[in-house]
Amino acid sequence: AGFGLAAILALSAALVGCSSQSGAPAQPSGNKETAQPAGQNGEKVLTIASGSDIVTFDIHDHNNTSTEAVHVNMFDYLVRKDAQQKVQPDLATEWETVNDTTWRFKLRQGVKFHNGDEFTAEDVKFTLERVATDNKLLEYGNYKQIKEVKVIDPHTVEIITHAPEPVLLNRLSRLGSGILPSKYIKEKGWDEFLKNPVGTGPYKLGKWVRDDRLTLVKNDEYFGEKPKWDKVVFRSIPEDATRVAELLTGGVDIAVNIPPSDLQRIKDNDGTDTKQGPTQRVMQLTLRLTPGTVTENPKVREAIDLAIDKQAIVDNILAGGGVPTRTRVTPGNFGTNLDLYNKTLYDPEKAKQLLAEAGYPNGLELTLNATSGRYLKDKETAELIQAMLAEVGINAKLELLEWSKFNEKYKAKKFDEVFMIAYGNSMFDASLAFDRLTTERSKGESDYSNPELDKLLADGEKNMNMEEREKQYKQAQEIIAEERPHIYLYQMNANYGVSDRINFEPRLDEMLFVDEITLK
């Protein structure tokens, strides 16, 4: 078994040093200018290649950053974060706190939805009350803090929360807060909206061919600065090699999730370059504590943690593009516990001992579910983890799924003992990092329950004293690191390949606001 892991590590390191692409053309064919047409009639077209398609147009029923990265161009929030993550006016022009549980927002006038309906306070009420009251929606946990939205007049609303809400502006500037057209949805129904979604954003839907491409066209009626592109195409290309080849041959302007092994090649190629930046995203394992599962035993969970050499994954598979971590609250978020960041506890001998103490001296079996093509090097990471677990006697049956299949199973909470997933933090606040670990939210997924943690999180969520609040979240992170319902692996960098014809700077939140991307 020792040879197996050493061989895998050597192979991973070798792959990082060379290209992962065998069958693709090494050089782009033809001249860059002709390979990158502007579109018919001199249209300005931007093409972005992702590893996966959006999952839905229901803005309240996904937890998916790459879906939101597309949505932000179609839907506007009340407030939005700029590239420095500072809150700016969007559909709300100004706001104030009336008291601890009431915020008043003045709304922008003269704004129209893509179908011509006028934007009013009714749309804000409809949108936020839907996600705050329907506990079947994936974003419910992030908005249930809202008790009601009061329409004061057509362009003024008050958002009333159940308890004091220290991070309401963060909440309203992220996934799940895009404002929906209430009149259209009430008249036509949800099914029609999901086929023909409309927002107030700078771009509207042209055409969506699932798992192939989604085309947006500019909205000439947009209230803000004129859209910079006539057309934006988001292509779904799960295969890394194909995505890189498309970039090198001028088929796309930006390619996300570039494998570390291809970065140098893109830099060396005439007409393309790379951009890298840290993200809010942390790769983790979610473990089942459901009675009767092997992972219910805390010693088994600790053994899994100690069996995994996180630094080796970062070095060998990500070419250094990440930071090992024992917390999901990374620097840049309120409440981060730096004692747990850039830390790993790799100790395979102790892992074997813990398994023996847990009653598994001859090892054990479990199933590990992971994505293939959704995150940077996810398949290779899962395979290396499988090999590391085997070293200590844990025989992990690896089930790799394409994102759409994985997502179905995820929503249905049908995973076995362990699944691997990476979450971002669109709130830039510790509270979001634990949303799946309260007794209520973990049902059917990890089935983790700790009353002390529940209390810390409930108190932290409504504490307007930021110093105390920070202590509560630091303590919560200690508990999770100790009990391991989630085992955090590493914070991920984002790698982009970019055509020389455009200006592009990665954002910490991974959003793709296409009007921040310009032609040179």
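The values are calculated or read from the model by the stated rules, or taken from the named source; none is laboratory data. The structure displayed is predicted, hence computed values, not measured ones. Using ideal geometry, Cβ is built from the backbone for each residue, glycine included, and neighbour counts are taken over all protein chains shown. Only protein heavy atoms, including side chains, enter the accessible area calculation; ligands, DNA and RNA are left aside. Shrake-Rupley method; radii C 1.70, N 1.55, O 1.52, S 1.80 Å.
The Cα center of the stretch 227-294 and the Cα center of the stretch 392-470 differ in position by 24 Å.
Its DSSP H runs of at least 4 residues, each contributing -39,500 (n - 2.57), put the calculated 222 nm mean residue ellipticity of the chain at -8500 deg cm²/dmol, to the nearest 500. Cross-link partners of K299 among lysines, defined as those whose alpha carbon lies under 17 angstrom from its own and excluding same-chain residues fewer than eight positions apart: K350, K352. Taking 7 Å steps out from each Cα toward its Cβ at Q109 and E468 produces label points 4.2 nm apart. When the solvent-accessible area of the chain is split by element, carbon and sulfur atoms take up 49 percent of it, the probe being 1.4 Å. Sorted on the mean count of surrounding Cβ atoms within 10 Å across their residues, most packed first, peptides 463-471, 139-147 read 139-147, 463-471. Phi-derived couplings, Karplus 6.51 cos²θ - 1.76 cosθ + 1.60 at θ = phi - 60°, listed residue by residue for the stretch 343-357: 10, 8, 10, 3, 7, x, 5, 5, 4, 4, 4, 4, 4, 4, 4 Hz, with x used for Gly and Pro. The relative contact order of the stretch 218-372 comes to 16 percent, based on Cα pairs under 8 Å that sit 6 or more residues apart. Applying 1/(1 + (r/R0)^6) with R0 = 41 Å to the Cβ-Cβ distance of K188 and E225 gives a FRET efficiency near 0.85. Pairs over the 32 Å Cα-Cα cut-off, from the set K397/K443; K86/K379; K44/K106; K86/K218; K188/K409; K414/K455: K86/K379; K44/K106. Taking each residue as 0.36 nm, the span from K443 to K86 lengthens on full extension beyond its C-alpha to C-alpha distance by 125.1 nm. Looking at the chain alone, DSSP beta bridges between its own residues are antiparallel in about 75 percent of cases. Labels on offer are (1) 84, 50, 48; (2) 69, 62, 39; (3) 86, 58, 44, and the one holding Cα extents along the principal axes in Å computed from this structure is (2).
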